[in-house]
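The values are calculated or read from the model by the stated rules, or taken from the named source; none is laboratory data. This one's a predicted model, so the numbers in the text were calculated from it and none came from an experiment. As a convention, Cβ positions derive from the backbone with ideal geometry for all residues, glycine included, and neighbour counts pool all protein chains shown.
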Amino acid sequence: MSYVDEIYDRVVKENPCEPEFHQAVKEVLDSLRPVVEANEAQYRRDALLERLVNPERQIKFRVPWIDDNGNVQVNTGYRVQFNSAIGPYKGGIRLHPSVNLGIIKFLGFEQIFKNSLTGLPIGGGKGGSDFDPKGKSDREIMSFCQSFMTELCKYIGADTDVPAGDIGTGAREIGYMFGQYKRIRNVFEGVLTGKGLAFGGSLARTEATGYGLLYITEEMLKCNGHAIAGKTVLVSGSGNVAIYAIEKAQQLGAKVVTCSDSTGWVYDPEGIDVAALKEIKEVKRARLTEYKSYRPNAEYHEGKGVWTVKADIALPCATQNELNLDDAKTLVANGVIAVCEGANMPTTMEATEYLQANGVYFIPGKASNAGGVATSALEMSQNSGRMGWSFEQVDEKLRNIMINIFHNIDNASKKYGMEGNYVAGANIAGFEKVVSAMNAQGIV
Ligand code: NDP
Ligand code: 2IT
C-alpha cells in the first residue's frame, strides 16, 4: 500500500467519529501523492506524514458561565495547536453548537497549509466551543468569553499561539477575551487578532477575508482571460466573510444577487444592498427575514437554495460542506465558470471533483480565504512594532499577498503536471514550505 493510503487509513482508525477531519486529510494527502512518491524513502524514515497529521498539542477544557437567570451553564472549549514549524500557532476560534474536536482538527489542519501559503511566519492552530452565541445577551457573551479565556490564557501568547475570529466570534467576543487575557496575565500584547482599533486592531482586518477572496478571484479570472466586471455572483452566508465579499465584488463591477443564513436565503435581482445587510447582521444581529423590509423587490426563501440561481461565479462563504454534488450539477447546468471558497471546506469532495471535471475554475479555501489570516499576521507585525498602518497600506499588502498566492498555486499545479488544478497547487505549495521547515528542525 502506498505511504499516503497507509497514513489515511491510520487517521480514520485512530480518529473515529471525526468525518470532517478525515475529509480534510484525504483532500490534502491525495494532492500530495506526486511529492510524497518522489521522496517516499526519506518521508517514511522520518515519519513525516505521521507527524503532519498529528497535532503537536490539543487542549480540551470545561467552560462554566452564568446565564441571565443566574443558572450555571457548562460548555466545552478546545484549542488544537497543530503545527508550529513556520511560526506561532495561528487560527480562529469558532463558537457554534456544532463544534467538536473533529471540526476543530479539520480547521486546524487546513490552517497549516493556508498559513504557509500567505508567505508569512505563522503556524497552524484552531479553537472553539460548542457555545451558541445566538440569542444571548451581551452580559452572557461576556460571561462565556471570560470563562473561556480564563483557561485558554495558560496556553497562548503573542509568540506562542495567537487566536482570532471565526464563525460566531467577531470584534465583540475578541474584545472580551482580550480584556480577560490582559487582566490575568498582566501583559498587553498582540495575543489575539481582530481586536478593536482602539487597542491594537488593524485597519482592514474586518474586510480582509472577503476582500482577499475577490482579489484572488479577480487575478485567477484575469489570468484565464475573463473579467470580473459585469459578472453575476452568488454568495452564501451573511457573516463577516460574506458581507465583505459582496462589498468588494460590487466595487469591482460584479452583481451579487444572493446571500443566506442558517434559516433562509435572499435573491435580490437588483443586487444585494450591503448597507442593509450590515445593519441587519452587524448592528441588529437579526435574521435575513428582515431584508425584505429594506428591499421590497427581493425574494426571501426558507431553507437552502442559493446555488439554484443562474450565475457566472459562486462564492460559498458560510460553512463546511454547504455545496454538495447536486448543487455542483445545478451550477454547471446553469453555466457557472468559477467557484472560489470563502468558507473553510464548503464544497464536498464529490462536488469539487465534478466542478473540476466540468471545466469550472475552482480555488480551495486554504488559498482563497487566506486574506483573513494574512491580515491577522499583519496585525501581529504592527503590534510587535508598536505602530499602525493606514487602511490603504494594509489593503495593498493584502492584495499583493492574494495575487502572490494565486501565482504560487498556479505554478505548483504546473510544476507537477496538473495545470489549472488549484486544489493540488494549493496543497503542494502550502506543504513544501512546512516540510522544509520540519526537515530543518529535526525530529520534534
Ligand atoms: P460568521 O459567524 O460571521 O458568519 C457565518 C455565516 O454562515 C452566517 O451567515 C451563518 O448563519 C452562516 N452559517 C454558519 N453555520 C451555518 C450552518 N451550519 N448552516 C448554514 N449557515 C451557516 O462567520 P464568518 O463569516 O467569519 O465565517 C464564515 C466561514 O468563513 C467559515 O467557514 C469560517 O471558518 C471561514 N473563514 C472565516 C475567516 C474570518 O476571517 N472570519 C477567515 C477564513 C475563513 P447564521 O447566522 O444563521 O448562523
Ligand atoms: O479560518 C481562518 O483562517 C480564520 N478564521 C482566520 C484566522 C486568523 O487567525 O485570522
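On the stretch given as the range 108-144, residues that are touching an Asp or Glu at 6+ places or on another chain (Cβ under 7 Å) and under 19 Å from E282 (Cα atoms) total 4. If you go through the range 4-23 and pick out every residue that is part of a helix (DSSP H, G or I) and either at positive phi or buried (at least 20 other Cβ atoms within 10 Å of the Cβ) (or both), you end up with 6.
Among A328, A377, which is at pLDDT 95 or above, within 16 Å of ligand 1 (Cβ to nearest atom), touching a Leu at 6+ places or on another chain (Cβ under 6 Å) and not hydroxyl-bearing (S, T, Y)? Quick ask: steps written out before the conclusion?
Working: A328 fails: within 16 Å of ligand 1 (Cβ to nearest atom).
Being at pLDDT 95 or above, within 16 Å of ligand 1 (Cβ to nearest atom), touching a Leu at 6+ places or on another chain (Cβ under 6 Å) and not hydroxyl-bearing (S, T, Y) holds for just one of A328, A377, which is A377.
Filtering the range 185-199 to residues that are surrounded by fewer than 21 Cβ atoms within 10 Å (Cβ to Cβ) and not in a helix (DSSP H, G or I) leaves N186, V187, F188, E189, G196. Checking every residue in the range 157-174 against the condition of being more than 16 Å from ligand 1 (Cβ to nearest atom), in a strand (DSSP E or B) and over 30 Å from Y361 (Cα atoms) gives at least one match. Out of the residues in the range 122-156 that are part of a loop (DSSP other than H, G, I, E, B), of a type in the set (A, V, I, L, M, F, W, C) and touching a Leu at 6+ places or on another chain (Cβ under 9 Å), state the one that is farthest from G372 (Cα to Cα). Restricting to residues being part of a loop (DSSP other than H, G, I, E, B), of a type in the set (A, V, I, L, M, F, W, C) and touching a Leu at 6+ places or on another chain (Cβ under 9 Å), the top hit is F131. For first residues located in the range 200-212 and within 11 Å of L378 (Cβ to Cβ), partners that are among the β-branched types (V, I, T) and buried (at least 24 other Cβ atoms within 10 Å of the Cβ) and lie 6+ apart or on another chain with Cβ distances below 7 Å form the pairs S202/T375; A204/T375; R205/T193; R205/T375; A208/T375. Taking the range 357-366 as the search range and keeping residues that are touching a residue at least 60 places away in the same chain (Cβ under 8 Å) and assigned to a helix (DSSP H, G or I), which one is farthest from ligand 1 (Cβ to nearest atom)? Taking the candidates together, the pick is K366. A single entry from V336, V306, V274 fulfils the requirement of being out of contact with any helix residue (DSSP H, G or I) (no Cβ under 7 Å at 6 or more places or on another chain), at pLDDT 95 or above and more than 11 Å from ligand 1 (Cβ to nearest atom): V336.
When K154, K222, K231, K182 are checked against the criterion of being basic (K, R) and either buried (at least 20 other Cβ atoms within 10 Å of the Cβ) or touching a residue at least 12 places away in the same chain (Cβ under 8 Å) (or both), K231 stands alone in meeting it.
Only residues that are part of a helix (DSSP H, G or I) and either modelled with pLDDT under 95 or more than 23 Å from G127 (Cα to Cα) (or both) were counted in the range 30-63, giving 16. Of the residues making up the range 224-252, those that are of a type in the set (A, V, I, L, M) and within 16 Å of ligand 1 (Cβ to nearest atom) number 8.
Out of all the residues in the range 402-409, is one or more touching a Pro at 6+ places or on another chain (Cβ under 7 Å) and either under 23 Å from G102 (Cα atoms) or not small (G, A, S) (or both)?
Initial filter on the range 402-409 (touching a Pro at 6+ places or on another chain (Cβ under 7 Å)): none.
There is no residue in the range 402-409 that is touching a Pro at 6+ places or on another chain (Cβ under 7 Å) and either under 23 Å from G102 (Cα atoms) or not small (G, A, S) (or both).
Among residues of the range 367-391 that are within 16 Å of Y215 (Cβ to Cβ), those with a beta-carbon under 6 Å from a residue that is basic (K, R) and buried (at least 23 other Cβ atoms within 10 Å of the Cβ) at least six positions away or on a different chain give the pairs A370/K114; T375/R205.
Pick from the range 286-312 the residues that are of a type in the set (V, I, T) and under 23 Å from K134 (Cα atoms): which of them is surrounded by the fewest Cβ atoms within 10 Å (Cβ to Cβ)? Break it down stepwise before answering.
Filtering the range 286-312 down to residues of a type in the set (V, I, T) leaves 289, 306, 308-309.
Among the residues that remain, those that are also under 23 Å from K134 (Cα atoms) are: 289, 306.
On the way: T289: 14, V306: 26.
Among them, the one singled out is T289.
So if I check each of K26, K60, K105, which one is basic (K, R) and crowded, with 17+ Cβ neighbours inside 10 Å?
Numbers: K26 fails: crowded, with 17+ Cβ neighbours inside 10 Å; K60 fails: crowded, with 17+ Cβ neighbours inside 10 Å.
Testing whether each residue is basic (K, R) and crowded, with 17+ Cβ neighbours inside 10 Å leaves just K105.
In the set (1) within 13 Å of ligand 1 (Cβ to nearest atom); (2) surrounded by fewer than 24 Cβ atoms within 10 Å (Cβ to Cβ); (3) within 27 Å of K397 (Cα to Cα), the condition left unmet by P97 is number (3).
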